[in-house]
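Below is one structure, written out as structure tokens, with a few remarks after it.
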Amino acid sequence: MVIEVLRIGQRLVRDDRVTTHVALVSRAFGADRIFMTEVNPEIKDTVGKINDTWGGNFVIEFIESWKPIIKKKKDESFKIVHLSMYGEKINTIQEKIRKEEKLLIVVGAEKVPREIYELADYNVGVGTQPHSEISALAILLDRIQEGMQFEKEFSNAKRKIIPTKSGKNVQVKETRD
Ligand code: SAM
């Protein structure tokens, strides 16, 4: 399955930490790419450094506006999954979403334009209480991949954690200058 994420808008008070965490969760929970609007360019460096150390090919793309991306992805046969507390119950719809081949997951920051609800193939609620785009995204990514995202290898990593019961075990790959 190909999974991409679209993060729409930031709050009026810049919320770079939340935006960075949306990108990090996307990467660590198996998404391939994130599109972002109104973003501090430093976020690209932060995630770039993480890719460099911990591997993988996760891509951050800055965009001017969300609408052309949704249109383009629809043309490329992606299904649009919009996370919203008003949407269908995740427990009911997760099985159907798992069967899709290409997903664009849309998360908001503040109020999301009405049109997104209509453009989405699935509006999905992770519970019916307001919480956070970070938690909603993490739970959706886990439900649709059923935990298998954590079996994925990140290619060309300089560091790799060997899970251990106690302490820290990190494999460091030798690099030659
Ligand atoms: N009041 C805002 C609205 O109506 O769009 C909610 C903003 S919330 C802080 C930011 C984003 O988190 C939302 O756009 C949505 O993508 C996600 N979110 C928050 N709670 C959610 C829930 N219960 N289920 C699914 N997504 C949720």
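The values are calculated or read from the model by the stated rules, or taken from the named source; none is laboratory data. Note that the coordinates shown come from a computational prediction; the quantities given were computed from them, not determined experimentally. Because the Cβ atoms are built from the backbone with ideal geometry, glycine has one as well, and the counts that use them run over all protein chains shown. Just the protein is used for accessible areas: all its heavy atoms, side chains included, with ligands, DNA and RNA removed. Shrake-Rupley method; radii C 1.70, N 1.55, O 1.52, S 1.80 Å.
Observations, loosely collected:
- Tabulated pairs, the stretch 54-69, first farther than 14 Å from ARG33 by Cβ, second surrounded by fewer than 16 Cβ atoms within 10 Å (Cβ to Cβ) and polar (S, T, N, Q), C-beta under 8 angstrom, 6+ apart or interchain: GLY55/SER155; GLY55/ASN156
- Leading residue by the ranking (nearest to the chain's Cα centre (by Cα)) among those in the stretch 52-71 that are open to solvent by 30 Å² or more (accessible area, probe 1.4 Å) and more than 19 Å from GLY9 (Cα to Cα): ASN57
- Filter pass, VAL5 being over 11 Å from the mean Cα position of the chain (by Cα), under 23 Å from ARG114 (Cβ atoms) and outside any helix (DSSP H, G or I): no
- Taking the listed residues ARG114, ARG143, the one that is over 16 Å from the mean Cα position of the chain (by Cα) and more than 10 Å from the ligand (Cβ to nearest atom) is ARG114, with no other qualifying.
- Some residue of the stretch 93-101 being within 16 Å of the ligand (Cβ to nearest atom), within 17 Å of the chain's Cα centre (by Cα), in a loop (DSSP other than H, G, I, E, B) and among the hydrophobic types (A, V, I, L, M, F, W, C): no
- Residue match in the stretch 2-19 (condition: more than 16 Å from the ligand (Cβ to nearest atom), open to solvent by 10 Å² or more (accessible area, probe 1.4 Å) and at pLDDT 95 or above): yes
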